[in-house]
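The structure appears right after this line, and notes come after that.
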Amino acid sequence: MKNEIQQKLEQIALNRSTPFCYGCYKEAPTGCCESCGSNDLMRLLPGVGCEYGTSWIIKHILETELEAADLEEAFEESIRQCYPEETKVGWMTFDTVTLMKENDPVCWRCALCDYESEEESEGNILSFDNGSTYFTIQALEDLIKQNGA
Ligand SMILES: [Zn+2]
């Protein structure tokens, strides 16, 4: 799954950018510089940058066109579905999730981390930066479809 999406994002990155010969400082749309014959080319993305590889272009596309998944909210939602909305302690009534979060934030964090890795291993979300940002597969597939890749 990850490879397939990665490949398609790479295709979008290639479609949007132009090969660029840094030595001659000119575009080389054929993939081979007409002036020096080099095929060791950078990619030019007008208005954004010019560098080797496509990972920086993919990063730019994800950052600007896709909203990262709000896993904290999704996790909270899943907990709310599993437990009663309110919990009584003594004569007081509390919102269960708020009570849990405020009383044991460490335990809450741990469970959130577990939830993230579970979502990832089930193939619902994907990260391209080792887990600092996640995107839902759905959002990625929509983006790919919109770009005709
Ligand atoms: Zn050249």
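Each reported figure results from applying straightforward, stated rules to the coordinates on display, with no laboratory input. Values in this document were obtained by computation on a predicted structure and should not be read as measured data. Reconstructed Cβ throughout: ideal geometry from the backbone, glycine too, with neighbour counts over all protein chains shown.
Within segment 56-67, how many residues are over 12 Å from Asn147 (Cβ atoms) and either without any contact (Cβ under 8 Å) to a residue 40 or more places away in the chain or touching a Phe, Trp or Tyr at 6+ places or on another chain (Cβ under 6 Å) (or both)?
The total comes to 4.
I need a count of the residues in segment 87-128 that are more than 27 Å from the chain's Cα centre (by Cα), surrounded by 11 or more Cβ atoms within 10 Å (Cβ to Cβ) and aromatic (Phe, Trp, Tyr).
1
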